[in-house]
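In what follows, a structure is listed as structure tokens, so that the remarks can point back to it.
The values are calculated or read from the model by the stated rules, or taken from the named source; none is laboratory data. Remember, it's a predicted structure, so these values are computed and weren't measured experimentally. Ideal geometry is used to build each Cβ from the backbone, glycine not excepted, and the neighbour counts take in all protein chains shown.
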Amino acid sequence: MRGSSRGGANNAVKGGKTSSKDRKLALQQDVDRLKKKLKREENIHRALERAFNRPLGALPRLPPYLPPYTLGLLAEVAVLEEEIVRLEEQVVHFRQDLYQEAVYMSSSKMKLEQSARVNNASPNSSPKLGKLKSLSQTMDDAATSETRPTTTLPKDRHGKENQSCTNSFKSNKQSTCKGQTTKSPIKKLPIDNKSLQKRRDPPKKQQELRLKDQPIAEVRNLRENPQGDESPNIISENILKCLSSIILRMSAAKNLDSTADVPPLRTPKSKNCVEGIEFWDPYSICLEFGKRDIGPYKQLRSIETKSFDPKRTAKSLFLLHRLKLLLRKLACVNIENLNHQEKLAFWINIYNSCMMNAYIENGIPESPEMVAALMQKATINVGGHLLSATTIEHCILRLPYHWKFTLSKGGKNHETYGLELSEPLVTFALSCGTWSSPAVRIYTASQVENELEMAKREYLQAAVGISISKFLIPKLLDWYLLDFAKDLESLLDWICLQLPSDVGKEAIKFLEKRKTGPLSQFVHIMPYEFNFRYLLCT
């Protein structure tokens, strides 16, 4: 009995050891199977990463061990990506064609106006004719421009228009240097001291002195503290403020009989003003659609060709020196850690600064073709990278899908410079210095979204016209229609919602009455004007 019990116990122990070995072996097999599965999943993950991060235009290299449905999905994604890029490139080309069409139409309109003025002018009619070109020179220029075809502007090559801009800038610098060594003829003119005293009271003198002394103190502070505030947004804001001050000082009145050092806020009467209206009408809306409130745009400072002179640098030497210091800081700035709002405000300020600096360096282009060429020529150094105004607008702020594939360092540069999301409202913030551009203002990182919303509403209030039989919208909205609506009808509805309540109600009533008729009968597009002008918030 005892022997049989001992034998049963031994068998039980042996059976337990066998079962534990079996369990261990089964667990080991499960581990091996899971390891193989993990390895297969890792291979699939790497294959998917290669497929989605492949260079644009290259076929995805897909391993054969991927599941059939995964292979099919990846192939469809690759085809869709190629189609999206192709369509976006077509959109860019179409916008370039529309822009070139606007350039051509504006240039033709300018030539017709010049020829009409020359034909209607008599030799002894007006002293202003002395500022115009001679008849033979005008006709020669018109003949030359008519025989030269309008061509698209290359991205990495400067054409004849750029050379003429550069030549004019060189001559401007030479004449500026000469002008600084001569005395101003204003001092030699007989001036009535009593009238001068009436025109310039002591408080106004003190205000002008403060305006002159403030930038000098800022330059002195920069010298004492060269590091300053290294925040990229603060640097961009200071650059745009400095350039705006330079533009204002270069826009003093050219009339030698005038003793004012600072140009008036607005002209009492001009082609953009309606008789009886006591405010500035930048886009001539009230001239055609009657008197109405155009919002804060009536208080903007207008800098136009007739008042702007890049040779007038005597009052801006301290600001030009400060600008050099700020541009050096910008060339060393690091924007890698900026969030979306900070990048958005930064790049808007940098674009406007880039264009404004180009006008100061190169002078005012004489034709729409030269304006388009200047946009390619205008460059600025940001963190060691030389970027053009066109690149900043279309490859950073408007963020095309294929932007990450066009950079030399791929997605890393896109992550550093690009925005997280596309922002259509930059249309109302970017000014290329033309008559149809929106106003220039300083954008801050903390309030950029509210500031863009305000810029949109103020621009639409000043640039949209409504009458009994016409609904006028600016060319900018026609170019970027798909950024705000799916078609023209929905764009008009969107515009009505952005206008002030009284104007918006008027626009809604107008659209309700015109529901039955085609939109082309009453919707008009304001042509894009390339004449030089800056609208500044002072």
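Here is how the numbers come out for the structure above:
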read-out: Residues satisfying the stated conditions in segment 32-76, i.e. at pLDDT 75 or above and within 35 Å of the chain's Cα centre (by Cα); value: none
read-out: Within segment 282-306, tally of residues that are part of a loop (DSSP other than H, G, I, E, B), free of Cβ contacts under 8 Å to residues at least 60 places away in the same chain and crowded, with 16+ Cβ neighbours inside 10 Å; value: 1
read-out: All helices (runs of 4 or more DSSP H) inside segment 367-429 with 1 or more residues being modelled with pLDDT of 85 or more, out of contact with any Leu (no Cβ under 9 Å at 6 or more places or on another chain) and not hydrophobic (A, V, I, L, M, F, W, C); value: 368-377
read-out: Residue match in segment 455-463 (condition: touching a His at 6+ places or on another chain (Cβ under 7 Å) and either acidic (Asp, Glu) or closer than 29 Å to Leu287 by Cβ (or both)); value: no
read-out: So Ser469, is it surrounded by fewer than 20 Cβ atoms within 10 Å (Cβ to Cβ), among the small types (Gly, Ala, Ser) and more than 30 Å from Lys513 (Cβ to Cβ); value: no
read-out: Top-ranked residue of segment 436-450 - restricted to ones that are buried (at least 20 other Cβ atoms within 10 Å of the Cβ) and within 21 Å of Lys241 (Cα to Cα), ranked as farthest from the chain's Cα centre (by Cα); value: Ala445
